[in-house]
Structure formats: structure tokens, C-alpha cells
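Just so it is clear, none of the values below were taken in a lab; they were calculated from the coordinates. Worth saying up front: this structure is predicted, and the values here are computed from it rather than measured. Here the Cβ positions follow ideal geometry from the backbone for every residue, glycine too, while neighbour counts run over all protein chains shown.
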Amino acid sequence: MRLIYLVITFSLVISCKKSGFNTKGKTVFRYNESSGITSLDPAFASNQANIWACNQIFNGLVSLNDSLIPEPCIAKSWTISDDGKLYTFNLKNDVHFHPDKSLKANRKVVAEDFVFSFNRLIDPKIASPGSWIFNFIEKDTIKNILNVKAENDSTLTIRLKESFPPFLGLLSSVYCSVVPHEAIEKYGKDFRKKPIGTGPFLFFNWYERSALIFHKNDNYFERDSKGLRLPYLDAIMVSFIPDKQSAFLEFLKGKLDLISGLDASYKDDLLNKNGSVKTKYKDKFKVLTSSYLNTEYLGFALDLNNETKNNPLSNLKIRQAINYAFDRKKMIRYLRNNMATPGTSGFVPIGSPGFSQSSTTYGYNYNPEKAKQLLKEAGFPNGEGLPTITMSTTNSYQDLCEYIQGQLGEAGIKVKVEVNQAAQHRQMVSKHQLSWFRGSWIADYADPENYLSLFYSKNKSPNGPNYTHFESTLFDSEYEAAMRIQNDSLRSIKYHQLDSIVMSDAPIVVLYYDKVLRLHQNNVNGLGINGMNLLTLKRVKKDN
């Protein structure tokens, strides 16, 4: 392990020298991406590593603040028609693309650039994983283009097929960043490593196995409350140390400014079982935590094929018994060091703008006596006659599933844990081939609808995210009604009703709501934290 660590550190130093980047006297923010980065083209920002990098060099019409509320970015204002279908954006006139030989000097962003950027994402030749976002926009089927129009240089209109209140949140996605057509035409597929955006940082150099470097954009359009131009940092340097424990050691030495997430390799060294930081690390760095819009769950397949249609999980009382039969609080304390919130509420997670503590009235708490009573009512007293049920998971969650297996066994529910390769597991879940599976849902956008869409019958997999194939006429009608409500408070009431329907029918077992954990050096200020684990560095300051 030490040899690998030394080689990684040495190669990082060498790459920084080769890049020609002199850090002397500069404020440089350093973080690590253990999984690497595959593209700096926002059209392919499909994972956290790519999103974090692209978020520094690109902008869209709107952005999310740390409360996950859309706020102006390149768009200075907007209006929405009474029917919720027509969005009109008024653009700022002082936004310029980064300088590049493919562009004219001081190339200003105009409305037509968004028309180009959005239509690029639906081009099958591009094959962007973010193209689904634009399924909500009305389309000219003859010309095969979106109903996105540049009324003039500073006015953009977007017409939706139907009212979709979370649309502004969708537009905050990095996928929706503006890109210059000249650079796309010049670089083609090489745009992934020659990105030209409008963001607070400029691309400088990328050694794909060693380091990625961004420089400050001296002409960035956003300013702070005192009128000072952002960003404050001179540069960002991303390393690619694959071993997370080695990266943690680099952080402890002060060679990295940020560590995000909790890895098993250092979990117990860093945290006590109650989630507090161990005494030996007190005051050595700052710790930030926040609710994370990620619900971890177990899903039941509700319309199984003929080979498995006799699965006892089709019985509602058995599904409810499983929900009551294990202690989530104990599970989180001992297996996740309290870096999560037990899933005793609905499917919509804590931290979502529409979450309400009232949702605890329709969740499931640990109640083994209730579980046994439900088994008896289902015709299986103490589990007698109940066949063994297979729970499918991946290696990363094997400990959780074996814990649940043990507690369900005490209630008389016999469970076999089947461990699959992650890619195979995802494919089998999508194809509805597993009767009981572990799943995660990380928000694509900060609205409860994103979670509730998993239970809309028209979204059944493999063409949608309804992996349980849950179907309820009541749920569908209320879901469609919610999409017609423009008032956020009134729509939240409808969301709670929908979540209650889901929990009552128990197509899933909510395990926990995740948390974001960030460790950063004491000389870093203004980092912030949010429920989507977005990394925004334009307001970060670092003392030398």
C-alpha cells in the first residue's frame, strides 16, 4: 500500500511540473477524484466527478443555491405563463465565453446559444445521457428541433408539452449549460478535453491519470455583495489518487483541501458510532454535514412474470411485516456511524424542499410484534409455511442486507441474500428480473416529484424509473393533478398525499436517507454544503 501511495504522490508532483503551472503565491484549491473524470463536456456530466468539474467552467440559465432554490445565473429574470407551459427568460448582457481561438474576442452569450446547446443534447449523434431532460419540452417533429426560440439576443422562450412545475430545477442541471457552437464545430469530440464555457474558472491543463487544472476567469460576470468580481481563488487542482485511504492521508497532511464522503477504509478511524468526530481529530479540520437527497431502499417487484408470480411478496401484509421487522436506527448507528437518517418516514427524503416531518405518520418504525401480527393475518403465523425469500444486492450493501436478514429471521421471515455485480444488478433491476432488490434514488433535481415519479404507472421500467412496477389509479390521478398546481405550498400538500399512498401499499422498504459529509482544511472559507452535494467554488476563499 505504501509503495502505491508513494508512486501516486510522485506522479502527481511530476505532472504539476510538466503542466507549467507555478503555484507560488497563488491560492489553489485542491481536491481528489478517486474514480477519475471521463469528460469535461457538460453533455456527458452524468456522474458526480464530471458534474463537479463541469460546474466550475460552465453556467446555465439558472443555478441552485445551498437551499436548492433556483436563482438567476445567465438569466437575470423569467416569467411563467398562467398555464405553466411557456417560460420566457431575459438574459444578462455581460456574459462572455472563455477566450479561445475558435471564437471572436469577447464573444458574448446570446439567446441563440441556448437554442443550439439544448438541441445539441437531443441529437442522437451526440448520445447525451442528459437528453431525457428535454422530453418535457414541446418539439417540432418535422424539423426535429425543440420549441426553444431566441426572440432576440437577450430573450429566450421555452414551451413545454404540459405544465411541469419542477422545470426550473431541471434547468439548473449541468447538462443545460450553454456552449459556443464555434468551439463544438471546431473540436467535435475533442471538446471533452478542450471545454469552452462561461464559468468562474478556465480550463488550463489535464493529465488524465494525474491532474486537472483550472485557472481563475478574470472576466467572470458574477460579483459578490460588495461588488467584487468572483471567483476569489486563483486556481483549482484535481488529483486522481484511486485509493481513498491514501487520499484521506493526503488530506491529513494538508495536501488536499477537501474530502467528500465517508469510505469504509477510514470510517471507524474518523467517526465514533454516534457520528461525532474522534477526539484525535478535534480542531484539525472542519466537518460539514447535510441531508443528502438520496433515499436507500429495498424494492419489491409487483407484477412478476409467470415463473415467480407465486412469490409471497405479492401479499401486502408480508411487505408491511418486513417494513416493521427490523430496527433502522440500530442499523444506521452500527453500520453507518450515524452518517444517515433512519428511513422511518416516506420515500421523499429529508432535505427535499417538500419534505415535512408529518410524513413520519405514514412511515414504518421498528415494531416486531406488529410484524408478527401481520404475518399471522397473512396466513403464516410465526412465519410457518412462508418460503425463503431472496433479497438481491451488491457488495457495497451486503452488510446492511445481512443485518436485515438476521432481524427478519427473528420475526419468522427467512431470507437469502444474493450478491450481484453492480452493473449486472442495475440491469436486472431495470429489466424487472429481481423479486426483491436493493436500490438507491439520488435526486436528478430538487423536487419531491423526482422521487414520486418512481411510482407513476406510465414510468414503468425499462423505459422509466418505476422499477417496482407499482400501479395505482388513485396515485396516478393525484400525481397528474399535482403537475397542474403552480403554487409550491399547495403542490407540497399533494406530494404528501402521494407519498402516503406509496407507503400504505408498501412497494418499497425505505432503509435510510443519506447524508453529505465534507471535511475541509481550517484555512478554507465559504465552501458551503447542500442536499445535492453540488460543489461550487466561486465564493470559496483560502488563507495562505
Using only the alpha carbon atoms of the chain, find the Kirkwood hydrodynamic radius as the inverse mean reciprocal pair distance, in angstroms to one decimal.
25.2 Å
Folded to 0 to 90 degrees: helix 111-121 orientation relative to the chain principal axis, Cα:
50 degrees
What's the ranking of 273-286, 76-89, 441-454 by average number of surrounding C-beta atoms within 10 Å, highest first?
441-454, 76-89, 273-286
Eigenvalues of the alpha-carbon gyration tensor of the stretch 132-235, times 5 and square-rooted, give semi-axes in Å, largest first, of 31, 20, 14
Counting just the Cα atoms, what span does the stretch 292-515 cover along each of its three principal axes? Round to the nearest Å and put the largest first.
50, 40, 37
Mind listing the long-range amide H neighbours of THR155? Cut-off is under 5 Å, sequence gap 5 or more, other chains count too, H placed in the peptide plane at 1.01 Å from N.
LEU91, ALA111
Magnitude of the Cβ-charge dipole of the chain, K/R +1 and D/E -1, about the Cα centre, nearest 20 debye?
1840 debye
Hey, what number do you get for the chain at 222 nm if only DSSP H runs of n ≥ 4 count, each worth -39500 (n - 2.57), divided across all residues, to the nearest 500?
-7500 deg cm²/dmol
Using a Cα-Cα cut-off of under 20 Å, which lysines could be cross-linked to LYS125, ignoring same-chain neighbours fewer than 8 residues away?
LYS139, LYS143, LYS186, LYS189, LYS193, LYS194
Give me D for the stretch 70-158 in µm² s⁻¹, whole number, from Stokes-Einstein with Rh from the Kirkwood sum over alpha-carbon pairs, 25 °C and 0.890 mPa s.
171 µm²/s
What whole-number volume per residue, in cubic angstrom, does the convex hull of the C-alpha atoms of the stretch 48-90 give?
100 Å³
A correct Karplus calculation of ³J(HN,Hα) over the stretch 57-62, with 6.51 cos²θ - 1.76 cosθ + 1.60, θ = phi - 60°, whole Hz and x for Gly and Pro, returns 10, 10, 9, x, 5, 10
Restricting to the stretch 292-515, what percent of DSSP beta bridges are antiparallel, rounded to 5?
65 percent
Per residue convex hull volume, Cα atoms of the stretch 502-544, in Å³:
87 Å³
Karplus 3J(HN,Hα) series, Hz, for the stretch 514-526 with 6.51 cos²θ - 1.76 cosθ + 1.60 (x for Gly, Pro):
6, 10, 8, 10, 10, 10, 9, 5, 5, 8, 9, 10, x
Could you work out how far helix 488-505 tilts from the main Cα principal axis of the chain, as a 0 to 90 degree angle to the nearest 10?
40 degrees
